Structure formats: C-alpha cells, structure tokens
Amino acid sequence: MNKYVVAASVVGTLVGGSILIKDYTGGGLCPSKATIVGKTVIITGANTGIGKETALELAKRGGRIIMACRDMGKCEDSAREIRGKTLNHNVFAKHLDLASTKSIKEFAKSILKEEEHINILINNAAVMRCPHWNTDDGFEMQFGVNHLGHFLLTNLLLDKMKVSGQSRIVNVSSLAHIAGDMDFEDLNWEKKKYNTKAAYCQSKLANILFTNELAKKLQGTEVTANSLHPGVADTELGRHTGLHRSTFSSTVLGPMFWFLIKTPKQAAQSSVYLAVGEDLQGKSGKYFNALKEKEPAKQALNGETAEKLWKESAKLVHLDEALQELKS
C-alpha cells in the first residue's frame, strides 16, 4: 500500500512542480488591481487569443470594451461570452478590417460619433507569416495590417484621446523586431523576392518605431504610447507557420512547448498592465518584454528611421486626406 502512496506523492509533486514552472515562465500576472469603471477601451483583434483575454480582463475591471474585429460572427460570440463571464454589459463587438483603409475610416468615424471619450487603445491585431497577400489598398498584408492599419486608426482617434484626459495607447509588437529591417526602397515587397518571415519582422519593428515617434509627438499632452512583446503564446496567430500544424511539433515537442509557450491569458498580462498600471502613468515611448521595461533592438531606437517611417506611412495611407474626411 505504501508504494502506491509514494507513487501518488511523486506524481503530485511532479504535477505541482510543472504548474509552478509554467506559471514562472509565463511571466506572472498584472500586478495592478486598478479598476477602469467609466473608461472606454478599444481593442483590435479581440475575438480570439491575446486580444480576447485582454478584453476579458479589462471587462472584469469595469471598462466599456469595444472589440474591433474583422470577423463579426466570432466577435459577437466572444463579446457575448465575456459579458456572461464578467456580468459587464458594456462589452461590444464592432466591425473593423485593418486590411482596408475604407473600413478603418468608417470605424473611426462611427467611434468618434458614438463615444464620449476614448481612454485606452490597444493595437493588438496582427497577421504573422502569411503568404504574399495584399490588403485592399495594395499593401503587403503583414506591413499593411500590423503597422499601416494601426497607424491610420490611431491617428484618426488621436484628437478624441487628447481631450479624454489621461489616455493610453498600447501597441503589441514582438521580440521578432530584433531581426527586422526597414527597407524604405521596398516596404511593400514589390521589387525583391518575398520573405514571409522578414516581412513579419519588419512589421513588428515598425510597431516600435511608430510608438516611439508617436510618444515624441504626444509630448505635452496627457496621452502616452508604449509598445510590448507579450511573449510567445499558443494562439491562432501561428496558423500560417508549418510548426503550428506539424504532427512532430504537437507530439514530440509538445511537452517542451507547454513549459515555454504562454497561454493567451498569460500573454495578455502585458497589455493589461500597460493599460491600467498606476505606476506607468505618464510613462511613454517605452518598450516592455512581458511585465518589465526593456531596451528594444538598436534599430528600434533610431529616431531618424522612426521619423522617416512616420512620413512614409502618412503618405501611403493618405493621412491628411483621411483626417480631413473626418471633419467633413
């Protein structure tokens, strides 16, 4: 009988230890207990993965949550689920296709008309390592959605955020930015052979450069902008990678990945922290890896590159005309 007790004890210890290791590698939970009752939050790509968990957590904290997604069926389902779990009825699904500047302008116009204020904007949606697709406006998909779409959206909502008081912009980037390079001669991969990995890394570098230039332009206002790497998470983002689909990765590497790869809830803690952390009030132009402020790659700190990217992005999305349309 004793040998069974010992065996059960060993198994229990191994399971408990595994869970502790998983929690440790996950980076921990957002340390802030702040509530955001009365504040309006917009989260792009919020119907699944990190975005959905971010929406759930911020709904628990009492925020008015606008889940901005392309797939309205999934978004409505996720919003309904979050309302049920949190009993927060101020959780809404709204259509936004970041691969279409027309959709982005329509979304922004509707938000500015319907919402009294915008306190938190979390640019979370992303496409990773997809085939060589183009957006409705002819931009390479990863650069178009991950950077240009959020660049346009943020700028269209910026004036409302400035008059909303202490507002925050959170841009979800990736550690992949360290391998990124801004090729201003061919940002949309029209001349060189397409490399899906390099295109993704470029878009994630663009996220940080955009954040830094935005923070610079926001000096003197009560709006802050910060970027983050949420960690490698088990989400649908990797749907286009062979590793995500392979039998080898799910069987042989699966147990190892279980320790190293975060759950969507764990990965969402960074976005939640940057959105609500009291100790981050007034902090802007910073990059976070999980819950800790870090220095990004050298190329992400180049001010001239950031300024040039801003100017090129504004031209590509016709920012001046888009801003004028909002006023008409």
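The values are calculated or read from the model by the stated rules, or taken from the named source; none is laboratory data. Treat the numbers as computed from the prediction; the structure is a model and nothing was measured. Note that we place each Cβ from the backbone using ideal geometry, even for glycine, and neighbour counts take in every protein chain shown.
Okay, residues lined up against (1) at pLDDT 95 or above; (2) touching a Lys or Arg at 6+ places or on another chain (Cβ under 6 Å); (3) under 30 Å from residue 160 (Cβ atoms):
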residue	(1), (2), (3)
175	yes, no, no
187	yes, no, yes
211	yes, no, yes
261	no, no, no
274	yes, no, yes
Exercise. Those residues that are part of a loop (DSSP other than H, G, I, E, B) and either modelled with pLDDT under 95 or surrounded by 12 or more Cβ atoms within 10 Å (Cβ to Cβ) (or both), I need them from the stretch 295-328; list them, please.
Key: 296, 297, 302, 317, 318, 328
Practice problem: Please identify the pairs in which a residue from the stretch 276-291 that is of a type in the set (Lys, Arg) and part of a strand (DSSP E or B) has its Cβ atom under 6 Å from the Cβ atom of a residue that is buried (at least 18 other Cβ atoms within 10 Å of the Cβ) and at pLDDT 95 or above, counting only partners at least 6 apart or on another chain. | Solution: none
Self-check item: Subset of the stretch 71-99 [under 27 Å from residue 136 (Cα atoms) and either of a type in the set (Val, Ile, Thr) or touching a residue at least 40 places away in the same chain (Cβ under 8 Å) (or both)]
Solution: 93, 96, 98, 99
Practice problem: Those residues that are outside any loop (DSSP other than H, G, I, E, B) and within 24 Å of residue 117 (Cβ to Cβ), I need them from the stretch 79-104; list them, please. | Solution: 79, 82, 83, 86, 91, 92, 93, 94, 95, 103, 104
Exercise. For the stretch 159-181, name all the residues that are on the phi < 0 side of the Ramachandran plot, surrounded by fewer than 20 Cβ atoms within 10 Å (Cβ to Cβ) and assigned to a loop (DSSP other than H, G, I, E, B).
Key: 163, 164, 166, 181
Practice problem: From (1) over 21 Å from the mean Cα position of the chain (by Cα); (2) more than 24 Å from residue 72 (Cβ to Cβ), pick out the condition that doesn't hold for residue 175. | Solution: (1)
Self-check item: Residue check for residue 198: assigned to a helix (DSSP H, G or I) and farther than 18 Å from residue 310 by Cα
Solution: yes
Self-check item: Residues that are in contact with a helix residue (DSSP H, G or I) (Cβ under 6 Å, 6 or more places away or on another chain) and either closer than 20 Å to residue 158 by Cβ or crowded, with 23+ Cβ neighbours inside 10 Å (or both), drawn from the stretch 63-92
Solution: 65, 67, 69, 82, 91
Practice problem: Test each condition in (1) at pLDDT 95 or above; (2) not polar (S, T, N, Q); (3) not in a helix (DSSP H, G or I) for residue 156 and report the one that comes out false. | Solution: (3)
Self-check item: Selected residue (only one of 38, 62, 84, 28 is modelled with pLDDT under 95 and farther than 26 Å from residue 147 by Cα)
Solution: 28
